[in-house]
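Undergrad: Here it is, the structure in full.
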Amino acid sequence: MAYSHFTLPIAQANFGLTLHEGQSLFSTLPPVQPSPLLQQILQEYQALALAINSEKARSEFIIAPILADLRRQVSQPLALFSGKDFTVDADLGLNGYCDFILGRSPEQFFIQAPVFTIIEAKNEDIIGGLGQCAAAMVAAQLFNQRQQTEAAAIYGCVTTGSNWRFLRLVGQDLAIDSEEYYLKELPTLLSILSLPFRDPPNDSPPW
């Protein structure tokens with residue numbers, strides 16, 4: 001089994017997760033303005049990515065530039081990995097590749113704890129990607145624990161590039177944000193993505 005084989009019910013059952021739905025998790029965050037370079041890149045290539053309509057095109061022309069701009073803006077070290085194998089425990093099915101991984105580390109040659117955010121790219125089905133993302137978030141939590149560098153919360157996102165849905169894992173409590181965000185809300189997207197890299201992060205759970 002690998003991350004891509006997980007549905008949300010299977011991830012919930014296998015890892016004893018308690019789901020929290022119907023809550024707006026990030027409604028009070030201040031916006032983070034995109035750089036002029038990012039705005040220019042998206043203006044040039046957003047239509048192309050959506051026309052090609054593949055996960056690869058959306059990842060390369062929309063998602064990756066947003067994450068690169070995020071890396072440039074935050075004050076904390078941010079390691080950014082794309083298409084990296086993230087095998088944590090194959091016996092639990094926590095193996096495979098993640099589209100994007102964000103960690104708070106100056107190390108860029110290999111993944112080092114703490115891992116904070118897992119981002120899965122989809123060309124259409126956001127809901128269908130929630131289980132895959134949840135399993136990878138559990139893997140990130142276990143990875144941090146094994147390296148004795150735990151994070152208060154693990155964040156996740158399933159995105160088509162144009163639509164974004166966020167998750168947060170604290171212990172075994174998995175919250176799925178009730179809001180779905182859109183690319184036109186770029187300052188809000190950057191604000192949410194930057195949350196684990198603030199000092200201190202404002203990530204107290206609502207339950």
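Every number here is computed from the coordinates shown, using simple stated rules; none is lab data. Since the structure is predicted, the reported quantities are computational estimates derived from the model, not experimental observations. Here Cβ is always computed from backbone atoms with ideal geometry, including for glycine, and neighbour counts include all displayed protein chains.
Undergrad: Please tell me the relative contact order of region 49-207 in percent, rounded to the nearest whole number, where contacts are Cα pairs under 8 Å and at least six residues apart.
TA: 19
Undergrad: How long is the gain from residue 48 to residue 35 if the chain were fully straight, where each residue apart is worth 0.36 nm and the alpha carbon distance is subtracted?
TA: The span from residue 48 to residue 35 would gain 2.6 nm if fully extended.
Undergrad: Pick from 168, 104, 72: which is most flexible by mean-square fluctuation in a GNM of the chain where alpha carbon atoms under 10 Å apart are linked?
TA: The residue that fluctuates most here is 72.
Undergrad: Mind listing the Cα extents of region 60-140 along all three principal axes, in Å, largest one first?
TA: Its Cα atoms span 35, 28, 16 Å along the three principal axes.
Undergrad: Treating cross-link reach as a plain straight distance, find the aspartates and glutamates whose alpha-carbon is under 13 Å from the alpha-carbon of residue 122, omitting any fewer than eight places away in the same chain.
TA: Counting by Cα, and skipping residues close in sequence, residue 122 has these aspartates and glutamates nearby: 55, 60, 99.
Undergrad: Please identify every one of the chymotrypsin sites (Phe, Trp or Tyr not before Pro) in region 70-118 that sits in a loop by DSSP and has no more than 14 other beta carbons within 10 Å of its own beta carbon.
TA: Sites meeting the loop and neighbour criteria: 109, 110.
Undergrad: Which net charge results for the neighbourhood of residue 102, defined as the other residues with beta-carbon distances under 12 angstrom from its beta-carbon, given Lys and Arg at +1 and Asp and Glu at -1?
TA: +2
Undergrad: Let me ask another. Normalise the Cα radius of gyration of region 1-83 by 2.2 N^0.38 Å (N = residues in it) and let me know the number.
TA: Normalised by 2.2 N^0.38 Å, the Cα Rg of region 1-83 equals 1.44.
Undergrad: Using only Cα atoms, what is the ratio of the radius of gyration of the chain to 2.2 N^0.38 Å?
TA: In units of the globular-protein estimate, the chain measures up at 0.94.
Undergrad: If you don't mind, there's one more thing I want to ask. Which semi-axis lengths, in whole Å and largest first, follow from the square roots of five times the eigenvalues of the Cα gyration tensor of region 68-115?
TA: 23, 11, 8
Undergrad: Counting Lys and Arg as +1 and Asp and Glu as -1, each charge on the Cβ, what is the dipole of the chain about the Cα centre in debye, to the nearest 20?
TA: I would put it at about 320 debye.
Undergrad: Can you give me the relative contact order of region 1-98 as a percent, contacts being Cα pairs under 8 Å and 6 or more apart?
TA: 34
Undergrad: May I ask you to derive the relative contact order of region 140-202, considering only C-alpha pairs under 8 Å and at least 6 residues apart, and to give it as an integer percent?
TA: 19
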